[in-house]
Amino acid sequence: MKIASYKIGDELDYGIILDGKLVKRSALDIKIPDDIVDFIVERTFVKILSKDLQKFQKYAELLYKFHLLPPIPKPGKIICLGLNYIDHAEEQGVKPPAEPIIFFKPRTSLTGPYDDVVYPKIVKQLDYEGELVVIIGKRGKNIREEDAMEYVFGYTVLNDVSARDIQFGDKQWTRGKSFDTFAPCGPWIVTKDEVPHPHQLRILTKVNDEVRQNSSTSSMVFKIPQIISSMSMVMTLEPGDMISTGTPAGVGYFMKPKPKLLSVGDVVEVSIENVGIIRNRIVAEV
């Protein structure tokens, strides 16, 4: 099942994606929670709706009518991993980390799957990072690796937009990755039953149709169960939390023979097999 958040007129809500169309929550003939996080918590709704999705086809509307938002507009946490792909570590000439390296993006950095990304005036080196995001489905602390997948609700796509001059100048990553619009994501959440092999997904990033990143989630240093277990030893994971699992090789800053960073007018597309595609234009800050 695919679940998307949207805006149409003054209406902010979520619905089900069905055959490339959207069925609004309010149109369903079954009462489901008003809030998408409450929907995630009550997993029985996914089972109930999945039994006979096609019967909702009569309520489906053309997708272009809706402005898609980040699937979870107000997550409690956006946890991100650094250097979590073997090939990305190799392109920097460093060893993969022995323990997960984490940082946070604020939820104010979120923007929709097709919205513009703003190039801030104070930034000189803007870059992209295509990433698979895990959506946490239930509260957990000190989770064992063997139990970790029980805490996954689904997956989405994120571009971890980064101001490299600030990131490397600060020698820590949060500020350079926290600007407004620096976390375009979506276009929807795909429930985990539709992605049975999350470590075998092709991940592709294009800039103006030029392929920059072409890798697989199989290259992750730390797999999803390890990530969830490790994070839960530090913090309580809650429904709706987002864990962005890192990016593969091919980011602009480390391109050879010289960097290929983003400019105003560029269009960045990130696609992940069986999950979705996001596409965002870089625009100047006004």
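The values are calculated or read from the model by the stated rules, or taken from the named source; none is laboratory data. Keep in mind that this is a model prediction, so the values were computed, not measured. Glycine also receives a Cβ, built like all others from the backbone with ideal geometry; neighbour counts cover every protein chain displayed.
Annotations
- Of all residues making up the range 13-63, the number that are within 25 Å of residue 239 (Cα to Cα), assigned to a loop (DSSP other than H, G, I, E, B) and of a type outside the set (Asp, Glu): 7
- Entry remark, the range 169-184: residues being outside any loop (DSSP other than H, G, I, E, B) and surrounded by 23 or more Cβ atoms within 10 Å (Cβ to Cβ) number 4 in total.
- First in the range 193-221 and under 13 Å from residue 130 (Cα atoms), second anywhere and among the charged types (D, E, K, R) and in a loop (DSSP other than H, G, I, E, B), Cβ under 6 Å, 6 or more apart: 201/273; 202/273; 207/266
- The residues in the range 99-115 that are within 16 Å of the chain's Cα centre (by Cα) and assigned to a loop (DSSP other than H, G, I, E, B) can be counted, and the count is 6.
- When residue 215 is tested against the conditions (1) touching a His at 6+ places or on another chain (Cβ under 9 Å); (2) under 22 Å from residue 162 (Cβ atoms); (3) part of a helix (DSSP H, G or I), the lone failure is (3).
- Within the range 113-128, residues that are touching a residue at least 60 places away in the same chain (Cβ under 8 Å) reach partners that are surrounded by fewer than 18 Cβ atoms within 10 Å (Cβ to Cβ) and not in a strand (DSSP E or B) with beta carbons closer than 6 Å, at six or more positions or on different chains, in the pairs 118/285; 119/264; 120/285; 121/285; 125/165.
- Within the range 75-107, considering residues that are exposed (fewer than 14 other Cβ atoms within 10 Å of the Cβ) and in contact (Cβ under 8 Å) with a residue 40 or more places away in the chain, the one nearest to residue 278 (Cα to Cα): 92
- Of all residues in the range 229-239 being in contact with a strand residue (DSSP E or B) (Cβ under 8 Å, 6 or more places away or on another chain) and assigned to a helix (DSSP H, G or I), the one that is farthest from residue 124 (Cα to Cα): 232
- Residue within the range 155-168 that is at pLDDT below 95, out of contact with any Phe, Trp or Tyr (no Cβ under 6 Å at 6 or more places or on another chain) and over 12 Å from residue 244 (Cα atoms) present: yes
- Residues that are touching a Ser or Thr at 6+ places or on another chain (Cβ under 8 Å), hydrophobic (A, V, I, L, M, F, W, C), surrounded by fewer than 24 Cβ atoms within 10 Å (Cβ to Cβ) and assigned to a loop (DSSP other than H, G, I, E, B) within the range 121-163 comprise just one, 143.
- Contact annotation: residue pairs with Cβ atoms under 6 Å, 6 or more positions apart or on different chains, pairing a residue in the range 240-267 that is farther than 30 Å from residue 42 by Cβ with a partner that is of a type in the set (D, E, K, R) and part of a loop (DSSP other than H, G, I, E, B), are 247/129; 251/129; 252/260.
- Any pair with Cβ under 6 angstrom, 6 or more apart, that starts in the range 132-159 at a residue that is under 15 Å from residue 40 (Cβ atoms) and ends at one that is polar (S, T, N, Q) and assigned to a strand (DSSP E or B): 133/156; 133/244; 154/191
The rows are residues; the columns are (1) under 24 Å from residue 71 (Cβ atoms); (2) not charged (D, E, K, R).
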{"position": "223", "(1), (2)": "yes, no"}
{"position": "243", "(1), (2)": "yes, yes"}
{"position": "257", "(1), (2)": "no, yes"}
{"position": "261", "(1), (2)": "no, yes"}
{"position": "272", "(1), (2)": "yes, yes"}
{"position": "276", "(1), (2)": "yes, yes"}
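- Hey, residue 14 within 20 Å of residue 152 (Cβ to Cβ) and in the same structural domain as residue 248 (by TED's automatic domain parsing) or not: no
- Per-region count, the range 240-276, residues out of contact with any Leu (no Cβ under 8 Å at 6 or more places or on another chain), in a loop (DSSP other than H, G, I, E, B) and crowded, with 22+ Cβ neighbours inside 10 Å: 6
- Some residue of the range 25-39 being crowded, with 18+ Cβ neighbours inside 10 Å and of a type outside the set (A, V, I, L, M, F, W, C): yes
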